[in-house]
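Mind having a look at this structure? Questions to follow.
Taken together, the values in this text are just the output of simple stated rules run on the coordinates, not laboratory data. Nothing here was measured: the structure is a model prediction, and the numbers come from that model. Glycine also receives a Cβ, built like all others from the backbone with ideal geometry; neighbour counts cover every protein chain displayed.
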Amino acid sequence: MSIFLKIPKDEIILESDSFFVVKDKYPVSQNHLLIISKRIVNDFFSLNEEEQKELTDIINKSKIYIEQIDYPDGFNIGMNCGEAAGQTIMHFHCHLIPRYIGDVDNPSGGVRHCIMGKGYYNLDS
């Protein structure tokens with residue numbers, strides 16, 4: 001059984017046919033949300049076509065939810081697909097991480113920082 005299916009119903013913020021949304025228990029930033037599939041599948045590539053399309057809608061609704069309670073300056077959307085990519089719970093979930101000016105010294109490179117040394121690059125090279 002997936003640990004995500006043990007989340008109490010009263011912690012669910014938003015819901016759609018295929019997904020539910022909760023606050024991340026180990027947030028990277030204030031109001032970091034997890035979008036979790038109701039169907040137990042490993043990752044994004046295991047979602048069917050209908051679920052993949054529905055995911056876009058629930059990501060947008062989650063963004064609106066955050067913007068109603070906070071004022072982030074940007075967002076990271078993240079999905080780890082497989083152990084090599086850092087996935088630790090083998091049940092699809094998407095991170096919606098609000099970002100704020102000054103939350104890191106230099107946000108350039110964004111998700112490229114998942115591999116040490118790859119986040120900083122020179123566009124002129």
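So if we plug the beta-carbon distance of ASP57 and VAL104 into 1/(1 + (r/R0)^6) with R0 = 25 Å, what FRET efficiency do we get, rounded to 0.05?
With R0 = 25 Å, the Cβ-Cβ based efficiency is 0.25.
Once you have the Cα-Cα distance between PHE44 and CYS81, take 0.36 nm times their residue separation minus that, and quote the gain in nm to one decimal.
Gain in length upon complete extension: 12.6 nm.
Put +1 on the Cβ of every Lys and Arg and -1 on every Asp and Glu Cβ in segment 35-80; which of GLY74, VAL41, ASN60 then has its Cα farthest towards the positive end of the dipole?
Result: VAL41.
For the chain, what does the helix formula give at 222 nm: sum of -39500 (n - 2.57) over DSSP H segments with n ≥ 4, over the residue count, nearest 500 deg cm²/dmol?
Here the helix-only value at 222 nm equals -6000 deg cm²/dmol.
Which residues in segment 82-114 place their backbone N less than 11 Å from a point set 7 Å from the Cα of TYR65 along the Cα-to-Cβ direction?
Under 11 Å, as judged by backbone N against the label point of TYR65, lie 96 of segment 82-114.
Here is a follow-up. Just to be sure I understand: with springs between alpha-carbon atoms less than 10 Å apart, which residue in ILE36, ILE97, ILE89 has the highest mean-square fluctuation in the Gaussian network model of the chain?
It is ILE89.
Over segment 1-112, calculate the relative contact order: mean separation of alpha carbon pairs under 8 Å at least 6 apart, over the residue count, as a percent.
30
Can you tell me the convex hull volume per residue for the chain, based on C-alpha atoms, in Å³ to the nearest whole number?
Convex hull of Cα atoms, per residue: 136 Å³.
With +1 on the Cβ of every Lys and Arg and -1 on the Cβ of every Asp and Glu, and nothing else charged, how large is the dipole of the chain about its Cα centre, in debye rounded to the nearest 20?
260
Measure nothing but the geometry: give the 0 to 90° angle between the long axis through the Cα atoms of 49-69 and the longest principal axis through the Cα atoms of the chain, rounded to 10°.
Long axis of 49-69 versus the principal axis of the chain: about 70 degrees.
Pick out which of LEU34, LEU14, LEU96 has the largest mean-square fluctuation in a Gaussian network model of the chain, springs linking Cα atoms closer than 10 Å.
Of LEU34, LEU14, LEU96, the most mobile in the Gaussian network model is LEU14.
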